[in-house]
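Let me begin by presenting the structure, written as structure tokens, before commenting on it.
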Amino acid sequence: MKIYTRTGDRGETSLFGGKRVPKDALRIETYGTVDELNSLLGVIRSMKIAKSLDRVLERIQSDLFVLGADLASPAGENPKGSVAPRIGVSNVTALEAVIDGFAPKLPPLKRFILPGGTLPASYFHLARSVCRRAERLAVRLARAESISPQILAYLNRLSDLLFILARWVSYQAGAKEIVWKR
């Protein structure tokens, strides 16, 4: 299989069902940002992190592939009986379970903190902000076209989890959180 097809040389790409759209279409921008987030999680996984955390991130990366396919597959536009995977309620509740597993291990947060800490924590904060961008794009897309509401819920919950994980890896390393001062 060749990696290049030349079909995108004029600024268009195909959705899952074959429909051609401009590469700067909001749907493409949205799942491109999800792809960027997935790559950033891959960077975090390449760092020395706990095996249990690596397994969590591997699952999230798999979910993000499904979420990208979901975004690349507008409802009702899958010819030839092809069915794209979809993000569901179970994906969202799985994130909530992970949050509920990590959050109680952290000291209560009484004030805003600045992004930073250890290198992995800093990358988790960066991933959280990319996730929030993906969520904002998905909200815009949902106003313009039909997408699953579970996409919005998943991205919202994932950004919460990434914040918790940023705090958790710093806490595990004994790094002090920097409190925002007015």
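The values are calculated or read from the model by the stated rules, or taken from the named source; none is laboratory data. Owing to the predicted nature of the structure, the values given are computational and were not obtained by experimental measurement. As a convention, Cβ positions derive from the backbone with ideal geometry for all residues, glycine included, and neighbour counts pool all protein chains shown. To get the accessible areas, we keep the full protein, side chains included, count just its heavy atoms, and leave off ligands, DNA and RNA. Shrake-Rupley method; radii C 1.70, N 1.55, O 1.52, S 1.80 Å.
Here are the numbers for this structure:
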| quantity | calculated |
| --- | --- |
| Calculated from backbone phi, Karplus (6.51, -1.76, 1.60) coupling profile of the stretch 166-174 in Hz, x at Gly/Pro | 4, 5, 5, 5, 5, 4, 5, 8, x |
| With Cα atoms, 0 to 90° folded angle of helix 51-71 axis to the chain main axis | 30 |
| 14 Å beta-carbon shell around Glu96, net charge (K/R +1, D/E -1) | -1 |
| Environment charge of Glu58, counting only residues whose C-beta is closer than 13 Å and scoring Lys/Arg +1, Asp/Glu -1 | +2 |
| Per residue accessible area in Å² of the chain, where ligands, DNA and RNA are left out and the probe is 1.4 Å | 58 |
| Reachable lysines from Lys105, criterion Cα separation under 18 angstrom, eight or more residues apart if same chain | Lys51, Lys176 |
| Square roots of five times the Cα gyration tensor eigenvalues for the stretch 55-130, Å | 33, 15, 11 |
| The stretch 26-182, relative contact order [Cα under 8 Å, separation at least 6], % | 32 |
| Overall Cα dimensions of the stretch 26-171 - principal axes, largest extent first, Å | 50, 29, 24 |
